[in-house]
Amino acid sequence: MRPLRLALTKGRLEEITVELLERMGCDCSQIRQKGRRLILPVPGENLEVVLAKSADVITYVERGVCDMGVVGKDTIMEMGSSFYEVLDLGFGACRFMLAAPKGTDFYGGYRTKVIATKYPAVARRFFEKKGMDVDVVKIEGSVELAPLLGLADAIVDLVETGATLRENGLETLEEVAQVSARLIVNVASQKLRQEEIGAFLSRAEAQLKEGR
Ligand code: PRP
């Protein structure tokens with residue numbers, strides 16, 4: 001049987017996930033010296049690591065070409081979940097916030113407000129719940145620019161330290177959700193490779209407890 005495949009989100013979550021794997025006793029030397037390689041073996045374990053963008057981690061796990069994945073709850077909330085979300089890893093913690101230029105009256109007036117975001121589904125759900133009709137515009141990055149350029153009245157975005165908002169004259173209005181990294185598992189793999197996945201999960205849980 002092929003090695004158990006774990007998809008990791010490249011970028012912010014990558015280093016901290018690799019640290020967790022090392023604490024679990026995994027040899028991550030190949031990952032640390034990856035160069036441009038995208039599939040890395042974990043010597044001594046029937047495990048290999050795949051490095052992918054967050055949305056692709058979900059696609060690969062949903063389609064079963066990866067058995068497990070580490071991905072932010074933000075991406076899960078945006079893309080939906082046809083997989084098991086088995087563990088809150090705790091790290092990568094930040095908040096989805098509604099934010100607007102300081103001093104503006106976002107809730108006032110009758111005009112339909114424009115919301116810029118990388119997460120249109122999350123933003124739409126949030127305003128639907130409030131019963132507020134808004135126009136959601138998808139932006140690919142540096143969403144804070146949209147209100148500064150006059151494209152949007154507010155943004156729905158991830159806030160970690162708050163520095164990006166502060167330095168661009170924006171303030172938070174409401175929290176949309178709290179997010180952190182999650183371990184997800186393909187539905188079929190959970191059945192077919194239950195023992196291996198269970199053992200991996202227990203090792204991860206043990207390290208997370210110790211780290212607390
Ligand atoms: C994220 C997020 C904010 C910023 C928040 O963007 O979208 O822009 O980080 O962090 P802070 O509260 O610590 O300032 P990222 O750096 O991932 O880049 P992007 O906006 O281009 O996606």
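Go ahead and estimate [θ] at 222 nm for the chain from helices alone: -39,500 (n - 2.57) per DSSP H run with n ≥ 4, summed, over the residue count, rounded to 500.
Result for the chain, helices only: -10000 deg cm²/dmol.
Considering only DSSP states other than H, G, I, E and B, which GluC sites (Glu not before Pro) in the range 124-200 qualify as loop sites with at most 15 other Cβ atoms within 10 Å?
Those that pass, being in a loop and sparsely packed, are 140, 160.
Once each part is reduced to its C-alpha centroid, what is the distance from the range 53-84 to the range 113-134 in angstrom?
22 Å
Using the Kyte-Doolittle scale, which helices in the chain average at least -1.0 and also have C-alpha atoms spread 24 Å or more along the helix axis, with helices defined as whole DSSP H runs?
Membrane-span-like by this rule: 194-211.
Take the Cβ-Cβ distance between residue 55 and residue 130 as r, set R0 to 35 Å, and report the resulting FRET efficiency rounded to the nearest 0.05.
0.85
Quick one: net charge around residue 166, please, counting Lys, Arg +1 and Asp, Glu -1 for every other residue with C-beta under 15 Å from its C-beta.
Here the charged neighbours net out to -3.
Which one of 52, 98, 72 has its Cα pushed farthest toward the positive end of the charge dipole of the range 1-118, where Lys and Arg give +1 and Asp and Glu give -1 at the Cβ?
98
Can you tell me the length gained on complete extension of the stretch residue 88 to residue 22, counting 0.36 nm per residue apart and subtracting the Cα distance?
Using 0.36 nm per residue and subtracting the Cα-Cα distance, I get 22.0 nm.
So which trypsin sites (Lys or Arg not before Pro) in the range 56-107 end up in coil per DSSP with only 13 or fewer other C-beta atoms within 10 Å?
63, 102
Once the Cβ-Cβ distance between residue 36 and residue 199 is put in as r, and R0 is 30 Å, what FRET efficiency do you end up with, to the nearest 0.05?
My answer for the efficiency is 0.45.
Under unit Cβ charges (Lys, Arg +1; Asp, Glu -1), what dipole magnitude, rounded to 20 debye, does the chain have relative to its Cα centre?
Dipole about the Cα centre, nearest 20: 360 debye.
Please give, to one decimal in nm, the separation of the simple spin-label points placed at residue 45 and residue 175, each 7 Å out from Cα toward the Cβ.
A separation of 3.2 nm, rounded to one decimal place.
Please identify every one of the chymotrypsin sites (Phe, Trp or Tyr not before Pro) in the range 32-130 that sits in a loop by DSSP and has no more than 10 other beta carbons within 10 Å of its own beta carbon.
Answer by residue number: 110.
Using the charge dipole of the chain (Lys, Arg: +1 at Cβ; Asp, Glu: -1 at Cβ; taken about the Cα centre), state which of 20, 35, 170 has its Cα farthest towards the positive end.
35
Would you kindly compute the Cα radius of gyration of the chain and its largest Cα-Cα separation (Dmax), both in Å?
19.4, 63
Taken together, the values in this text are just the output of simple stated rules run on the coordinates, not laboratory data. Since we're looking at a predicted model, the values are computed, not measured. Counting neighbours? That spans all protein chains shown, and the Cβs are built from the backbone with ideal geometry, glycine included.
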